[in-house]
Amino acid sequence: MDQMLFVWIAGGLFALIIFLRFFPVTLWFQAVISGVRVSLLQLVLMRLRKVSPNTIVMALVTATKAGLKLQANQLEAHYLARGNVPKVVNALISAAKANIELDFNKAAAIDLAGRDVFEAVQMSVNPKVINTPPVTAVAKDGIQLVAKARVTVRANIKQLIGGAGEETVLARVGEGIVSSIGSAESHKQVLENPDSISKVVLEKGLDAGTAFEILSIDIADVDVGKNIGAVLQMDQAEADKNIAQARAEERRAMAVALEQEMKAKAQESRAKVIEAEAEVPLAMAEAFRNGNLGIMDYYRMKNIQADTEMRETIAKQ
(Lines give C-alpha, C1' and ligand atoms only; values in the text may rest on other atoms or scores of the structure.)
Protein backbone atom coordinates (compact mmCIF):
# COMPACT_ATOMS: atom_id res chain seq x y z
CA MET A 1 0.00 0.00 0.00
CA ASP A 2 2.86 2.35 0.85
CA GLN A 3 4.54 1.54 -2.44
CA MET A 4 1.40 2.28 -4.41
CA LEU A 5 1.03 5.61 -2.60
CA PHE A 6 4.62 6.46 -3.38
CA VAL A 7 4.08 5.60 -7.05
CA TRP A 8 0.97 7.75 -7.20
CA ILE A 9 2.73 10.66 -5.54
CA ALA A 10 5.74 10.33 -7.85
CA GLY A 11 3.47 10.11 -10.89
CA GLY A 12 1.54 13.12 -9.74
CA LEU A 13 4.72 15.16 -9.25
CA PHE A 14 6.00 14.11 -12.67
CA ALA A 15 2.67 15.05 -14.27
CA LEU A 16 2.77 18.40 -12.46
CA ILE A 17 6.29 19.09 -13.70
CA ILE A 18 5.29 18.21 -17.25
CA PHE A 19 2.20 20.40 -16.93
CA LEU A 20 4.17 23.36 -15.62
CA ARG A 21 6.81 22.78 -18.29
CA PHE A 22 4.35 23.11 -21.15
CA PHE A 23 1.74 25.26 -19.42
CA PRO A 24 3.37 28.41 -17.94
CA VAL A 25 0.70 28.96 -15.30
CA THR A 26 2.82 31.39 -13.29
CA LEU A 27 3.44 33.59 -16.32
CA TRP A 28 -0.24 33.44 -17.28
CA PHE A 29 -1.29 34.39 -13.75
CA GLN A 30 1.16 37.32 -13.78
CA ALA A 31 -0.34 38.53 -17.06
CA VAL A 32 -3.90 38.26 -15.72
CA ILE A 33 -3.23 40.27 -12.58
CA SER A 34 -1.45 42.89 -14.71
CA GLY A 35 -4.50 43.38 -16.92
CA VAL A 36 -3.07 41.62 -19.98
CA ARG A 37 -5.53 39.46 -21.89
CA VAL A 38 -3.69 36.33 -22.94
CA SER A 39 -4.90 32.75 -22.59
CA LEU A 40 -2.95 29.80 -21.31
CA LEU A 41 -3.40 28.10 -24.67
CA GLN A 42 -1.76 31.07 -26.41
CA LEU A 43 1.31 30.72 -24.23
CA VAL A 44 1.52 27.00 -25.03
CA LEU A 45 1.24 27.72 -28.76
CA MET A 46 3.97 30.35 -28.45
CA ARG A 47 6.34 27.72 -27.14
CA LEU A 48 5.40 25.37 -29.96
CA ARG A 49 6.19 28.17 -32.43
CA LYS A 50 9.54 28.71 -30.66
CA VAL A 51 8.52 32.11 -29.36
CA SER A 52 9.58 33.15 -25.86
CA PRO A 53 6.31 33.58 -23.87
CA ASN A 54 8.20 35.44 -21.14
CA THR A 55 9.44 38.07 -23.63
CA ILE A 56 5.96 38.61 -25.12
CA VAL A 57 4.14 38.71 -21.78
CA MET A 58 6.61 41.08 -20.13
CA ALA A 59 6.44 43.38 -23.18
CA LEU A 60 2.61 43.34 -23.00
CA VAL A 61 2.68 44.06 -19.27
CA THR A 62 5.09 46.96 -19.73
CA ALA A 63 3.01 48.43 -22.58
CA THR A 64 -0.26 48.02 -20.67
CA LYS A 65 1.10 49.72 -17.57
CA ALA A 66 2.29 52.60 -19.77
CA GLY A 67 -1.17 52.99 -21.29
CA LEU A 68 -0.42 51.44 -24.68
CA LYS A 69 -2.74 48.95 -26.33
CA LEU A 70 -0.77 46.25 -28.09
CA GLN A 71 -1.81 42.80 -29.27
CA ALA A 72 0.09 39.63 -28.49
CA ASN A 73 -0.08 38.63 -32.16
CA GLN A 74 1.73 41.83 -33.15
CA LEU A 75 4.59 41.22 -30.75
CA GLU A 76 4.76 37.53 -31.65
CA ALA A 77 4.98 38.32 -35.37
CA HIS A 78 7.76 40.83 -34.73
CA TYR A 79 9.60 38.28 -32.59
CA LEU A 80 9.37 35.67 -35.36
CA ALA A 81 10.76 38.25 -37.80
CA ARG A 82 13.86 38.40 -35.54
CA GLY A 83 12.95 41.82 -34.22
CA ASN A 84 13.82 43.22 -30.79
CA VAL A 85 10.46 43.28 -29.04
CA PRO A 86 11.56 44.97 -25.77
CA LYS A 87 13.29 47.81 -27.62
CA VAL A 88 10.25 48.42 -29.82
CA VAL A 89 7.94 48.57 -26.78
CA ASN A 90 10.32 50.87 -24.89
CA ALA A 91 10.57 53.11 -27.95
CA LEU A 92 6.77 53.33 -28.20
CA ILE A 93 6.52 54.23 -24.51
CA SER A 94 9.22 56.92 -24.82
CA ALA A 95 7.59 58.35 -27.94
CA ALA A 96 4.19 58.47 -26.22
CA LYS A 97 5.62 60.27 -23.20
CA ALA A 98 7.43 62.79 -25.46
CA ASN A 99 4.33 63.37 -27.67
CA ILE A 100 6.13 61.96 -30.73
CA GLU A 101 3.93 60.28 -33.33
CA LEU A 102 5.08 56.68 -33.62
CA ASP A 103 2.89 53.63 -34.10
CA PHE A 104 3.82 49.97 -33.70
CA ASN A 105 4.13 49.22 -37.42
CA LYS A 106 6.50 52.14 -37.95
CA ALA A 107 8.61 51.22 -34.92
CA ALA A 108 8.75 47.57 -35.99
CA ALA A 109 9.79 48.55 -39.52
CA ILE A 110 12.58 50.77 -38.16
CA ASP A 111 13.78 47.97 -35.91
CA LEU A 112 13.79 45.41 -38.73
CA ALA A 113 15.68 47.91 -40.92
CA GLY A 114 18.61 47.54 -38.56
CA ARG A 115 18.33 50.84 -36.67
CA ASP A 116 18.03 51.20 -32.92
CA VAL A 117 14.49 52.60 -32.68
CA PHE A 118 14.74 53.22 -28.93
CA GLU A 119 17.96 55.21 -29.36
CA ALA A 120 16.34 57.14 -32.24
CA VAL A 121 13.42 58.18 -30.02
CA GLN A 122 15.84 59.22 -27.29
CA MET A 123 17.83 61.23 -29.82
CA SER A 124 14.64 62.99 -30.89
CA VAL A 125 14.15 64.11 -27.30
CA ASN A 126 17.82 64.68 -26.43
CA PRO A 127 19.81 65.81 -29.52
CA LYS A 128 23.16 64.15 -30.13
CA VAL A 129 26.47 65.95 -30.71
CA ILE A 130 28.73 64.51 -33.43
CA ASN A 131 32.37 65.58 -33.62
CA THR A 132 33.75 65.82 -37.14
CA PRO A 133 37.29 64.69 -37.92
CA PRO A 134 39.80 67.45 -38.84
CA VAL A 135 38.77 69.03 -42.14
CA THR A 136 41.58 70.52 -44.25
CA ALA A 137 40.82 73.34 -46.71
CA VAL A 138 42.74 76.14 -48.47
CA ALA A 139 41.65 79.77 -48.68
CA LYS A 140 42.15 81.85 -51.82
CA ASP A 141 45.39 83.35 -50.47
CA GLY A 142 46.92 79.84 -50.46
CA ILE A 143 46.98 79.32 -46.68
CA GLN A 144 45.82 75.93 -45.42
CA LEU A 145 43.34 75.76 -42.52
CA VAL A 146 42.40 72.73 -40.42
CA ALA A 147 38.91 73.01 -38.88
CA LYS A 148 37.01 70.84 -36.40
CA ALA A 149 33.26 71.14 -35.90
CA ARG A 150 30.56 69.87 -33.54
CA VAL A 151 27.31 68.98 -35.28
CA THR A 152 24.17 68.83 -33.12
CA VAL A 153 21.55 66.52 -34.65
CA ARG A 154 18.32 64.84 -33.67
CA ALA A 155 16.71 61.82 -35.22
CA ASN A 156 14.12 62.29 -37.93
CA ILE A 157 11.66 59.48 -37.22
CA LYS A 158 9.96 59.84 -40.59
CA GLN A 159 13.19 59.24 -42.51
CA LEU A 160 14.80 56.54 -40.37
CA ILE A 161 13.84 53.97 -43.00
CA GLY A 162 15.92 54.60 -46.10
CA GLY A 163 17.60 57.73 -44.72
CA ALA A 164 21.38 58.16 -44.75
CA GLY A 165 23.37 57.74 -41.54
CA GLU A 166 25.91 59.71 -39.54
CA GLU A 167 28.71 59.10 -42.05
CA THR A 168 26.77 60.94 -44.75
CA VAL A 169 26.06 63.87 -42.43
CA LEU A 170 29.75 64.14 -41.50
CA ALA A 171 30.82 63.92 -45.14
CA ARG A 172 28.39 66.67 -46.17
CA VAL A 173 29.44 68.92 -43.28
CA GLY A 174 33.10 68.40 -44.23
CA GLU A 175 32.31 69.27 -47.84
CA GLY A 176 30.50 72.42 -46.72
CA ILE A 177 33.45 73.49 -44.55
CA VAL A 178 35.88 72.99 -47.43
CA SER A 179 33.64 75.01 -49.76
CA SER A 180 33.21 77.82 -47.22
CA ILE A 181 36.93 78.14 -46.48
CA GLY A 182 37.82 77.82 -50.16
CA SER A 183 35.55 80.77 -51.06
CA ALA A 184 37.17 83.07 -48.45
CA GLU A 185 39.52 85.70 -49.91
CA SER A 186 41.93 85.38 -46.99
CA HIS A 187 42.50 82.88 -44.20
CA LYS A 188 42.43 85.81 -41.77
CA GLN A 189 38.74 86.33 -42.53
CA VAL A 190 38.02 82.74 -41.47
CA LEU A 191 40.09 83.08 -38.29
CA GLU A 192 38.34 86.34 -37.39
CA ASN A 193 34.80 85.01 -38.06
CA PRO A 194 34.69 81.21 -37.75
CA ASP A 195 30.91 81.40 -37.28
CA SER A 196 30.65 82.42 -40.94
CA ILE A 197 31.50 78.82 -41.82
CA SER A 198 28.58 77.56 -39.74
CA LYS A 199 26.15 79.95 -41.41
CA VAL A 200 27.21 78.99 -44.91
CA VAL A 201 27.10 75.27 -44.16
CA LEU A 202 23.66 75.42 -42.49
CA GLU A 203 22.20 77.24 -45.48
CA LYS A 204 23.07 74.30 -47.75
CA GLY A 205 20.45 71.97 -46.22
CA LEU A 206 22.90 69.15 -45.63
CA ASP A 207 20.39 66.97 -43.74
CA ALA A 208 18.21 66.38 -46.79
CA GLY A 209 17.65 62.66 -47.37
CA THR A 210 19.27 61.67 -44.07
CA ALA A 211 17.84 60.13 -40.91
CA PHE A 212 18.79 63.23 -38.92
CA GLU A 213 17.90 66.89 -38.63
CA ILE A 214 20.84 69.24 -38.16
CA LEU A 215 20.13 71.74 -35.39
CA SER A 216 23.45 73.57 -35.29
CA ILE A 217 27.04 73.43 -36.51
CA ASP A 218 29.64 74.91 -34.18
CA ILE A 219 33.27 75.39 -35.21
CA ALA A 220 35.29 74.05 -32.29
CA ASP A 221 38.79 74.84 -33.54
CA VAL A 222 40.59 76.33 -36.55
CA ASP A 223 44.36 75.85 -36.96
CA VAL A 224 46.67 77.34 -39.58
CA GLY A 225 48.45 74.74 -41.69
CA LYS A 226 50.92 75.01 -44.55
CA ASN A 227 51.30 77.82 -47.08
CA ILE A 228 50.02 75.77 -49.98
CA GLY A 229 50.38 78.71 -52.40
CA ALA A 230 54.10 79.02 -51.67
CA VAL A 231 54.57 75.25 -51.91
CA LEU A 232 52.86 75.21 -55.30
CA GLN A 233 55.03 78.09 -56.52
CA MET A 234 58.16 76.28 -55.37
CA ASP A 235 57.03 73.12 -57.10
CA GLN A 236 56.30 75.10 -60.27
CA ALA A 237 59.72 76.77 -60.10
CA GLU A 238 61.38 73.37 -59.64
CA ALA A 239 59.44 72.01 -62.62
CA ASP A 240 60.44 75.03 -64.75
CA LYS A 241 64.10 74.55 -63.75
CA ASN A 242 63.97 70.88 -64.71
CA ILE A 243 62.40 71.78 -68.07
CA ALA A 244 65.09 74.43 -68.70
CA GLN A 245 67.85 71.97 -67.79
CA ALA A 246 66.36 69.39 -70.14
CA ARG A 247 66.22 71.91 -72.99
CA ALA A 248 69.81 73.07 -72.30
CA GLU A 249 70.97 69.47 -72.34
CA GLU A 250 69.16 68.97 -75.63
CA ARG A 251 70.88 72.03 -77.14
CA ARG A 252 74.28 70.85 -75.83
CA ALA A 253 73.76 67.43 -77.37
CA MET A 254 72.82 69.03 -80.70
CA ALA A 255 75.95 71.25 -80.54
CA VAL A 256 78.16 68.23 -79.81
CA ALA A 257 76.60 66.35 -82.70
CA LEU A 258 77.13 69.32 -85.03
CA GLU A 259 80.76 69.61 -83.92
CA GLN A 260 81.32 65.92 -84.61
CA GLU A 261 79.74 66.32 -88.00
CA MET A 262 82.04 69.32 -88.83
CA LYS A 263 85.10 67.36 -87.69
CA ALA A 264 84.10 64.49 -89.91
CA LYS A 265 83.69 66.81 -92.88
CA ALA A 266 87.11 68.44 -92.13
CA GLN A 267 88.76 65.05 -91.98
CA GLU A 268 87.12 64.15 -95.27
CA SER A 269 88.38 67.38 -96.87
CA ARG A 270 91.89 66.81 -95.46
CA ALA A 271 91.88 63.31 -96.89
CA LYS A 272 90.96 64.69 -100.30
CA VAL A 273 93.76 67.28 -100.04
CA ILE A 274 96.29 64.59 -99.13
CA GLU A 275 95.02 62.50 -102.02
CA ALA A 276 95.38 65.47 -104.36
CA GLU A 277 98.88 66.24 -103.01
CA ALA A 278 99.86 62.65 -103.68
CA GLU A 279 98.98 63.15 -107.36
CA VAL A 280 101.18 66.27 -107.69
CA PRO A 281 104.53 64.40 -108.04
CA LEU A 282 102.99 62.14 -110.66
CA ALA A 283 101.75 65.12 -112.60
CA MET A 284 105.17 66.83 -112.33
CA ALA A 285 106.92 63.71 -113.58
CA GLU A 286 104.51 63.52 -116.48
CA ALA A 287 105.18 67.22 -117.20
CA PHE A 288 108.97 66.63 -117.17
CA ARG A 289 108.63 63.75 -119.62
CA ASN A 290 106.43 65.74 -121.98
CA GLY A 291 108.71 68.81 -121.78
CA ASN A 292 105.99 71.00 -120.26
CA LEU A 293 107.97 71.72 -117.08
CA GLY A 294 111.61 72.83 -116.90
CA ILE A 295 114.09 72.45 -114.11
CA MET A 296 114.01 76.19 -113.31
CA ASP A 297 110.25 76.12 -113.04
CA TYR A 298 110.52 73.26 -110.57
CA TYR A 299 113.02 75.16 -108.34
CA ARG A 300 110.81 78.27 -108.33
CA MET A 301 107.86 76.16 -107.23
CA LYS A 302 109.89 74.57 -104.40
CA ASN A 303 111.04 78.02 -103.26
CA ILE A 304 107.42 79.18 -103.15
CA GLN A 305 106.43 76.09 -101.10
CA ALA A 306 109.29 76.65 -98.64
CA ASP A 307 108.36 80.30 -98.28
CA THR A 308 104.70 79.36 -97.64
CA GLU A 309 105.63 76.78 -95.02
CA MET A 310 107.86 79.30 -93.26
CA ARG A 311 105.08 81.87 -93.14
CA GLU A 312 102.65 79.29 -91.71
CA THR A 313 105.17 78.32 -89.04
CA ILE A 314 105.72 81.95 -88.03
CA ALA A 315 101.96 82.54 -87.93
CA LYS A 316 101.42 79.56 -85.62
CA GLN A 317 104.03 80.85 -83.18
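The values are calculated or read from the model by the stated rules, or taken from the named source; none is laboratory data. What you are looking at is a predicted structure, and each value in this text was computed from that prediction instead of being measured. In this analysis, Cβ positions are derived from the backbone assuming ideal geometry, glycine residues included, and neighbour counts consider all displayed protein chains. SASA here: full protein model, heavy atoms, side chains in, ligands and nucleic acids out. Shrake-Rupley method; radii C 1.70, N 1.55, O 1.52, S 1.80 Å.
Structure remark: mean-square fluctuation, Gaussian network model of the chain, C-alpha springs under 10 Å; the largest value among PHE118, PHE212, PHE288 belongs to PHE288. Give the residue from GLY83, LEU45, VAL169 lying farthest towards the positive end of the charge dipole for the chain; charges sit on Cβ (+1 for Lys and Arg, -1 for Asp and Glu) and the dipole is referred to the Cα centre. Sorting the options by dipole projection puts first LEU45. Length, then width, then depth: along the principal axes, the Cα atoms of the chain run 175, 68, 31 Å. Per residue, the solvent-accessible area of the chain (1.4 Å probe, heavy atoms of protein chains only, all protein chains present) comes to 66 Å². Each of LEU215, LEU258, ILE143 was scored by the projection of its Cα onto the charge dipole of the chain, and the greatest displacement toward the positive side belongs to LEU215; charges sit on the C-beta of Lys, Arg, Asp and Glu.
Remark: the chain carries a charge dipole of roughly 1840 debye about the Cα centre, counting +1 on each Lys and Arg Cβ and -1 on each Asp and Glu Cβ. Whole-Hz Karplus values for the range 130-135 come out as 10, 8, 7, x, x, 10 Hz, taken residue by residue from phi with 6.51 cos²θ - 1.76 cosθ + 1.60 and θ = phi - 60°; glycine and proline positions read x. Electrostatic tally near VAL190: other residues with Cβ closer than 14 Å to its Cβ, Lys and Arg +1, Asp and Glu -1, net -2.
Listed cross-link partners LYS65/LYS106; LYS204/LYS226; LYS65/LYS158; LYS140/LYS188; LYS148/LYS188 are compared with a 19 Å cut-off, the Cα-Cα value being larger for LYS65/LYS106; LYS204/LYS226; LYS65/LYS158. The overall shape of the range 52-205 is prolate: from the C-alpha gyration tensor, with semi-axes ordered a ≥ b ≥ c, the ratio a/c is 1.5 or greater and a/b exceeds b/c.
Assuming a ≥ b ≥ c are the square roots of the Cα gyration tensor eigenvalues, decide whether the range 200-317 counts as rounded (a/c under 1.5), prolate (otherwise, with a/b larger than b/c) or oblate.
Because a/c hits 1.5 or more and a/b exceeds b/c, the range 200-317 counts as prolate.
Charge tally for ARG270 (other residues, Cβ to Cβ under 12 Å; Lys, Arg +1; Asp, Glu -1): 0. Within the chain, what whole-number % of the accessible surface is contributed by carbon and sulfur, with the 1.4 Å probe and all protein chains included in the calculation? Reported share for carbon and sulfur atoms: 57 percent.
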